[in-house]
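Below: one structure, written as structure tokens.
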């Protein structure tokens, strides 16, 4: 290797110390360029060639780091951002790696900046070997908010490889399917007026009451149409999350907004669901003389399902001893799959430790993760004739 890297714990500490919060609140949102540049330096020391891909949002970038060339190969992918944090609720500094009781604590250690130094450890343990097909490390921006990094890459049509592992925290169990998600708002506009005479206006809150009733009927229909026993919650969910309207008790409500999310099952289409909901709202609003608008709060992530007879899934199941599992959280998997890669989600740590104070990864997760990743690299990049094709 061209240069000697710091040891694994030092690398984990280094990536933990670099803030990379992404948030819908502009006051909390940060650039991920510093963490990408850190990873690029480490990977360059391992012999990788780096390409930094700018997103449309200033300060948001992706990293495509490649070792070897040609068709085929393997992508090890992850996102570089973290969620915001409540520093006062942490036992230790969230931006400094802390080890205690067999656990490593730090913001993003599990979800999921810690995956990159662990993947580097697998590469280091291979030593000087001949790569017959390329190994690509992909680090993306803003997975926790907009998925802008993955969407930018999918639109560009890169990177390309035979297979991809996204190292989200799954307890090192390969994920074969997960639900999708969309978040939207329904806005109704009526006519305000004096509350003593309902005929003086058109009450948007009354209209939203009828919209909600219609949505609850629609929700029950989704449950019957898309039941799937692979999931703990074996049907799509539609959650009514927030409602706001009007401005005073003695005024007819002239405007009302309902925010909701839908968790989609495999086989459901984001645009189709939105069109069905819009039709439900129109059916209620127009007879009442209310204007309506369906506004996207988050454009959404499609549901994910591995390819039928996925060679990568079979390889991961054999290496880990775990059959493919289903999870409720969304990932960048659909975007890498869109690029033509056999894709799974699998990484060290557990999702239960993510997005909360004292996020941690158990030390006993690290060596098994290194071992599995190392073997997948061998199968796909060093001995491709015998690998997972």
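Couple of notes before you dig in:
- Rounded Å value of the spacing that divides the Cα centres of the stretch 10-26 and the stretch 90-104: 14 Å
- On Cα atoms only, tilt of 204-225 relative to the major axis of the chain in degrees: 50 degrees
- Bridge type composition, the chain - antiparallel percent by DSSP, nearest 5: 75 percent
- Overall Cα dimensions of the stretch 189-272, principal axis frame, Å, largest first: 53, 21, 18
- Axis of helix 115-126 versus longest Cα principal axis of the chain: the two differ by about 20°, to the nearest ten degrees.
- Candidate values (1) 23.2, 99; (2) 23.5, 89; (3) 23.6, 83 were compared with Rg and Dmax of the Cα atoms in Å computed on the shown model; the agreeing label is (3).
- Relative contact order, percent, the chain [alpha-carbon distance under 8 Å, six or more residues apart]: 23 percent
- Contact order relative to length of the stretch 30-144, as percent, for alpha carbon pairs under 8 angstrom and 6 or more apart: 37 percent
- Cβ-Cβ FRET estimate between residue 96 and residue 364, R0 fixed at 25 Å, reported to 0.05: 0.70
- Centre separation in Å (Cα based) which lies between the stretch 261-310 and the stretch 50-84: 30 Å
- Angle of helix 8-17 to the longest C-alpha principal axis of the chain, folded into 0 to 90 degrees and rounded to 10: 30°.
- Inter-part distance, the stretch 205-227 to the stretch 319-389, computed on C-alpha centroids, equals 37 Å.
- Working from Cα pairs under 8 Å separated by at least six residues, relative contact order for the stretch 144-284 is 30 percent.
FYI, it's all coordinate maths here, none of it is from the lab. Computed from a predicted structure; not experimentally measured. Methodologically, a virtual Cβ is constructed for each residue, glycine included, from the backbone with ideal geometry; neighbour enumeration extends over all protein chains shown.
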